[in-house]
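A quick write-up on the structure given underneath.
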Amino acid sequence: MLTQWLFEAGYTHCFFVAGGNIMHILDSLRKKMIMIPFVHEVAGTIGCEYFNLSSKKKNLRQRAFSLVTAGPGITNATTGVAGSNIESRELLIIGGQVKTSDLSKGLRQRGIQEVDGKSIMEPITKLS
């Protein structure tokens, strides 16, 4: 469903840093999108922001979004997300999340992968 929604919304490129929490999404996306791997989330988000800006200026029908894994993937992406927000530029970022079965254990968190990415992104995005 996510892949189809992105495709219908006009997204053609995925800028990503792979991680365990998003492997199933990457597997689905690679069938419909141009996949562009990055070594670090800041580079991926800034690259995505400027890809969209350049495509818009050139009237190309190409849009990119950034895909990062849970925990450190989300926290590492905050610099790029904040910059895009300050400049009022388009940036869709999708972050992984811990399995719902792990959420019901009653623990605050089991490790950095379970950091609350939604709350971290709320002050620097239009919608989180």
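The values are calculated or read from the model by the stated rules, or taken from the named source; none is laboratory data. Keep in mind that this is a model prediction, so the values were computed, not measured. Cβ coordinates were reconstructed from backbone atoms using ideal geometry, including for glycine residues, and neighbour counts include every protein chain displayed.
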| query | Considering G10, G20, which residue is under 15 Å from A64 (Cβ atoms) and out of contact with any Pro (no Cβ under 7 Å at 6 or more places or on another chain)? | reply | G10
| request: Output the residues belonging to segment 19-64 that are assigned to a helix (DSSP H, G or I), within 23 Å of E87 (Cα to Cα) and not small (G, A, S). | output: E41, V42, T45, I46, C48, E49, Y50, F51, N52, L53, K56, K57
| said: Would you confirm whether or not segment 38-49 contains a residue that is modelled with pLDDT under 95, of a type outside the set (S, T, Y) and in contact with a Leu (Cβ under 9 Å, 6 or more places away or on another chain)? | reply: no
| under 14 Å from Y11 (Cα atoms) and under 13 Å from the mean Cα position of the chain (by Cα): does that describe A43? | no
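Can you tell me how many residues in segment 53-84 are over 14 Å from the mean Cα position of the chain (by Cα) and either more than 22 Å from T12 (Cβ to Cβ) or polar (S, T, N, Q) (or both)?
5
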| Do you know which residues across segment 3-41 are among the polar types (S, T, N, Q) and either without any contact (Cβ under 8 Å) to a residue 12 or more places away in the chain or more than 18 Å from F51 (Cα to Cα) (or both)? | T3, Q4, N21, S28
| message | Within segment 95-117, does at least one residue satisfy the condition of being within 13 Å of the chain's Cα centre (by Cα), at pLDDT 95 or above and closer than 23 Å to L2 by Cα? | response | no
| query | Restricting attention to segment 77-85, does a residue exist that is crowded, with 17+ Cβ neighbours inside 10 Å, outside any helix (DSSP H, G or I), modelled with pLDDT of 95 or more and among the aliphatic types (A, V, I, L, M)? | reply | no
